[in-house]
Amino acid sequence: MEFKHKDIIALRDLSKEEIELLLATAESMRQINSRDIKKVPTLRGKTIINLFYESSTRTRTSFEIAGKRLSADTVNITPSSSSATKGETLADTALNLLAMKPDIIVMRHAVSGSHYFLSSKMPGCSIINAGDGTHEHPSQGLLDMLTIRDRFGRLDGLKVAIVGDITHSRVARSNIQGLTKMGSQIYLAGPPTMMPPGVERLGNVTVCATMQEAIQDADVVMMLRIQQERQGKTLMPNAREYSRYFGLNPQNLKLAKPDAMVMHPGPINRGVEMSSYVVDGDQSHILKQVENGVAVRMAMLYHVCGGELE
Amino acid sequence: MAGEKTVIMDNSGIKRAITRISHEILERNKGLTDVVLIGIRSGGALLAEEIGRVAEVIEGVKAPVGAVDITLYRDDVSGHLPHHAVGKTDIPFSLDGKRVVLVDDVLFTGRTIRAAMDAMMDHGRPACVQLAVLIDRGHRELPIRADFVGRNVPTSIKENVAVLFDDKNQPVEVVLEK
């Protein structure tokens, strides 16, 4: 099995075998993160630019650590410190960065699909999507799959409930794309104002009327953050009402299987989509997700460097 | 001729070589105190297990056996990395102050051994490192030599030497492919 992509922009573009290869490599990378000398010389001499037009703690730090552990040189660009505030277009930024000969650009951008545009402007440079608008967040999808597989040893046949603001969630889309390819069954729940019409067409996906229906007998309960920054004001009355109907608490978690795992991509609004009892409870795998994030991103950086130009 | 195969060491030959190498390791290190065996994936790791078993029969003590995957330490990745998955490095013990015997199936250019030594050094500081190989086929490109050799086989640089294993991971034979 070989990985032949120059870019990783969406899990939709990857085959089941390619996802399995990335997860297998991530498992091997994990060993590096637990030893005393957390560095291998693999990407020595490669330059990685982390271009983040939206704020991020976990993803940016995780990509930066992943690059450094593979011995690449990493540079971070954030909106406040970049020429974007002076009105430079993405196309001009791309051409200017290209002139500095980076090997990989990891970008987060508010516009869905902007990575395909960036890739068309930057031949010879690999593009990794760290989140684009409401489209995809492939590294989060992969690290979620790795975390689930660690727990159950498989992905096929699992019932995965995804609850919250599906419309605005790139995490949900990447997980739906990835998990349905791996044979999981997806059950979605959320306020009707936050449920994209036609989402069933993405594959093995069932839209549930209530949260209870979605998490009934689920193996995995994945909660999403309410994205105040992307929503208008009219999608939900208030946080308390949302929490009452779509918040995960110890009572409704009992509907899921006894050994069900609880996940959240972070950052968490405690008391809104999840009660603190669940966040800090035994079934929570939230910090395990973050830990796996570094290994998964190392695998992504490693494999795009080996990819042939498309 | 492409695809022509000659068996240069049969099953009993391999067994005798491993037994001799095991004896030599014991003799050089005066037993198995502080000795650890580290095999290079994939062939060397299987041979390291085998040497560990034979040495245990002779000496009555079991040396720890680990495995190292060198994919991330290769020196030929500057342009394009290998696409395949990275194997697991499995060294569940400290190498500090240990007498490490590195095991590989075929010694050729020496670049694999260089990568394996780099990988190993990231796991600790051994007291010394010795190298055991089943076949030394020459054509070294780095100043590296083996301490324990099963057999020296003069080869042409175009030929390929492979140690074949069965589905139980037991060495079967060594073939020379022209």
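Quick rundown of the values:
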| read-out | value |
| --- | --- |
| Above-threshold pairs, the threshold being 20 Å between Cα atoms, out of A:159/A:257; B:88/B:178; B:30/B:62; A:16/A:257; A:38/B:88; A:46/A:101 | B:88/B:178; A:16/A:257 |
| DSSP-defined antiparallel bridges as percent of all bridges, chain B, nearest 5 | 35 |
| Residue among A:198, A:293, A:141 with the largest mean-square fluctuation in a Gaussian network model of chain A, springs linking Cα atoms under 10 Å | A:198 |
| Calculated from backbone phi, Karplus (6.51, -1.76, 1.60) coupling profile of region B:8-14 in Hz, x at Gly/Pro | 9, 8, 8, 4, 5, x, 4 |
| Protection proxy ranking of B:149-157, A:106-114, A:39-47, A:220-228 - average other beta-carbon atoms within 10 Å, highest first | A:220-228, A:106-114, A:39-47, B:149-157 |
| Sites matching GluC sites (Glu not before Pro) across region B:1-65 that sit in DSSP coil, with at most 11 neighbouring C-beta atoms within 10 Å | B:4 |
| Other-chain or far-sequence residues with amide H under 5 Å of residue A:76's (modelled H) | A:50 |
| Relative contact order, percent, region A:59-127 [alpha-carbon distance under 8 Å, six or more residues apart] | 28 |
| Amide H contacts of residue A:127 (H built 1.01 Å from N, under 5 Å, at least 5 apart or other chain) | A:7, A:8, A:105 |
| Cut-off under 5 Å, modelled amide H: who pairs with residue A:111 long-range | A:133 |
| Relative contact order computed over chain A (Cα-Cα under 8 Å; 6+ residues apart), in percent | 22 |
| Footprinting exposure proxy for A:236, A:261, A:274 (fewest neighbouring C-beta atoms within 10 Å first) | A:236, A:261, A:274 |
| Cleavage-rule hits, trypsin sites (Lys or Arg not before Pro), region B:38-69, DSSP coil, Cβ neighbours within 10 Å at most 15 | B:62 |
| 15 Å beta-carbon shell around residue A:261, net charge (K/R +1, D/E -1) | -1 |
| Per-residue [θ]222 nm for the protein assembly as shown (sum of -39500 (n - 2.57) over DSSP H runs n ≥ 4, rounded to 500) | -10500 deg cm²/dmol |
| Karplus-derived 3J(HN,Hα), 6.51/-1.76/1.60, for each residue of region B:153-166, Hz, glycine and proline x | 10, x, 9, 8, 5, 7, 7, 10, 10, 9, 9, 9, 10, 8 |
| Lys, Arg +1 and Asp, Glu -1 on Cβ, resulting dipole of region A:241-308 about Cα centre, debye, nearest 20 | 120 |
| Among A:269, A:96, A:76: highest mean-square fluctuation, GNM of chain A, C-alpha pairs under 10 Å | A:96 |
| Kyte-Doolittle mean at least -0.5, axial Cα span of 15 Å or more - DSSP H helices of chain A | A:16-33, A:138-152, A:286-306 |
| Extreme residue, positive dipole direction of the protein assembly as shown, given options B:106, B:116, B:95 (C-beta unit charges) | B:95 |
| Relative compactness, the protein assembly as shown, computed as alpha-carbon Rg over 2.2 N^0.38 Å | 1.14 |
| Gaussian network model of chain B, springs between alpha carbon atoms under 10 Å - residue of B:25, B:40, B:144 with greatest fluctuation | B:144 |
| Cα-centre dipole for the protein assembly as shown with unit charges at Cβ (Lys and Arg positive, Asp and Glu negative), debye to 20 | 720 |
| GluC sites (Glu not before Pro) lying in DSSP loop within region B:145-178, provided at most 16 other Cβ fall within 10 Å | B:159 |
| Whole-angstrom Cα spans of region A:138-286 along principal axes, big to small | 40, 33, 27 |
| Shielding by partners - mean other protein chain Cβ count within 10 Å, residues of A:30-36 | 3 |
| Phi to ³J(HN,Hα) by Karplus 6.51 cos²θ - 1.76 cosθ + 1.60 over region B:99-110, Hz, x for Gly, Pro | 9, 8, 9, 7, 10, 9, 7, 10, 9, 10, 6, x |
| Averaged over A:21-28, number of beta-carbon atoms from partner chains that fall within 10 Å | 4 |
| By average C-beta atoms within 10 angstrom, highest first, the peptides A:3-10, B:30-37 | A:3-10, B:30-37 |
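We did not get these values from a lab; they are worked out from the coordinates using the rules stated. None of these values were measured; they are calculated from a predicted model. Note: ideal-geometry Cβ built from the backbone for every residue, glycine included; neighbour counts use all protein chains shown.
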